[in-house]
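The values are calculated or read from the model by the stated rules, or taken from the named source; none is laboratory data. Keep in mind that what you see is a predicted model, and the values were worked out from it rather than measured. Here the Cβ positions follow ideal geometry from the backbone for every residue, glycine too, while neighbour counts run over all protein chains shown. Note: accessible area is taken over every heavy atom of the protein model, side chains too, but ligands, DNA and RNA are not part of it. Shrake-Rupley method; radii C 1.70, N 1.55, O 1.52, S 1.80 Å.
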Amino acid sequence: MKTVLITGVLGGMGKATTKLLLDNGYQVIGLDAKEQSQIENLPITYYQVDLTKTEEINKVYETVSKKIDNIYAIVHFAGIYQMDSLVEMEEQEFMRIFDINVFSIYRINKTFLPLLKKGSRIIMTSSELAPLAPLPFTGIYAITKSTIEKYAFSLKMELQLLGIDVSVIRPGAVKTGLLNQSISSMDKLCEKTKLYKDNTNKFSKIVNSVESKNISPIKIAKKVKKVLKAKKPKYVYSINRNRLLKLLNFLPRRFQLFVIKKLLQSK
């Protein structure tokens, strides 16, 4: 029976993936910052852990490595979504988002690598924004997701030498708590910004339109299953990418800037 380690296991994508994998005969080790009472009787091995703290991750590894000698895959879902102005957000918040979205992935992969054997795989969740030119006010999120993809490809280059595969799932809007975070984050930005009040109100309407075209987290779970089953997994698996965002990015950068300015500028 193959064991899969899932971070953010109690989020929408984490739970959907866990249930699907359990139904298909996998064992799941779940990591999340939430209380254990929220696992809803899922038959998994669960550890409440703050992924920004190396010492907590090390303790989990020590416990896990005493029970099993290998993990078939690590699936990363842990992350936060935030919209903000890059010149108004606090430095501490800027660093916190990187700590959760990027550095936690590095910590988990580095710590649990000894349990990954030849044929194992690592799956990271990116975003449709990662390969695109960042939009205003989504900058901090897009930057972290772009960083994840640079990290993932670099890691793939190295781990292929050990027989370990690395893949990225690049979804558009998914109907999870992260989507609610997006809406809430946009509302907070509209309220607090002093520089972009009119601009953010206009951008909010665009965001609502884009995110209304969301998909169920079970579709992400099926992508994960596909990666786990593949003999030769691809590097990127895209799903539910927004056509307008893709179209915008076909334009030269100066035209992208022009379009955004026209859409959002104050009259």
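A few remarks follow.
- Zone of residue 248's modelled label, taken as backbone nitrogen in the stretch 208-236 under 12 Å from a point 7 Å along Cα→Cβ: 208-211
- The stretch between residue 214 and residue 24 holds 65.8 nm of extra length on full extension. This uses 0.36 nm per residue minus the Cα-Cα distance.
- The chain: angle of helix 139-159 to the longest principal axis, Cα-based, in degrees nearest 10: 40
- Solvent-accessible area of the stretch 1-102 (1.4 angstrom probe, protein heavy atoms only): carbon and sulfur portion equals 47 percent.
- Estimated from the Cβ-Cβ distance and a Förster radius of 35 angstrom, the FRET efficiency linking residue 42 and residue 261 is about 0.15.
- Value of relative contact order over the stretch 83-240, rounded to a whole percent, pairs C-alpha under 8 Å and six or more apart: 28
- Taking the stretch 16-93 as the region of interest, the number of lysine pairs whose Cα atoms are within less than 18 Å, with members eight or more places apart or on different chains, is 4.
- Compared with the alpha-carbon gap, the fully stretched path from residue 106 to residue 35 is longer by 23.2 nm at 0.36 nm per residue.
- Once all protein chains are placed together, residue 155 keeps about 30 Å² accessible to a 1.4 angstrom probe.
- Anchor residue 229: aspartates and glutamates whose Cα lies under 19 Å away (excluding residues fewer than 8 positions away in-chain): 23, 165
- Of 2/219; 150/192; 15/202; 110/234, pairs whose Cα-Cα distance is over 30 Å: 150/192; 15/202
- Helix 197-211 vs. the chain, principal-axis angle (Cα, 0 to 90°, nearest 10): 50
- This structure gives Rg and Dmax of the Cα atoms in Å, computed directly, and of (i) 19.9, 66; (ii) 19.0, 64; (iii) 18.8, 59 that value is listed as (ii).
- Hits among aspartates and glutamates - C-alpha to C-alpha of residue 175 under 15 Å, sequence gap 8 or more where chains match: 128, 211
- Were the residues from residue 226 through residue 87 laid out at 0.36 nm apart, the gain over their Cα-Cα distance would be 46.0 nm.
- Top of 15, 219, 118 by mean-square fluctuation, Gaussian network on the chain, Cα under 10 Å: 118
- Solvent-accessible surface of the chain, taken per residue with a 1.4 Å probe and all protein chains present: 52 Å².
- Comparing mean-square fluctuations of 199, 249, 41 from a GNM of the chain with C-alpha springs under 10 Å, the top value falls on 41.
- Estimated 222 nm signal from helices in the chain, with DSSP H stretches of n ≥ 4 weighted -39500 (n - 2.57), rounded to 500: -15000 deg cm²/dmol
- Pairwise FRET efficiency - residue 241 versus residue 95, Cβ, R0 = 22 Å, nearest 0.05: 0.15
- Label-zone membership for the stretch 1-40, site residue 67, 7 angstrom Cα→C-beta point, backbone N under 11 Å: 28-31
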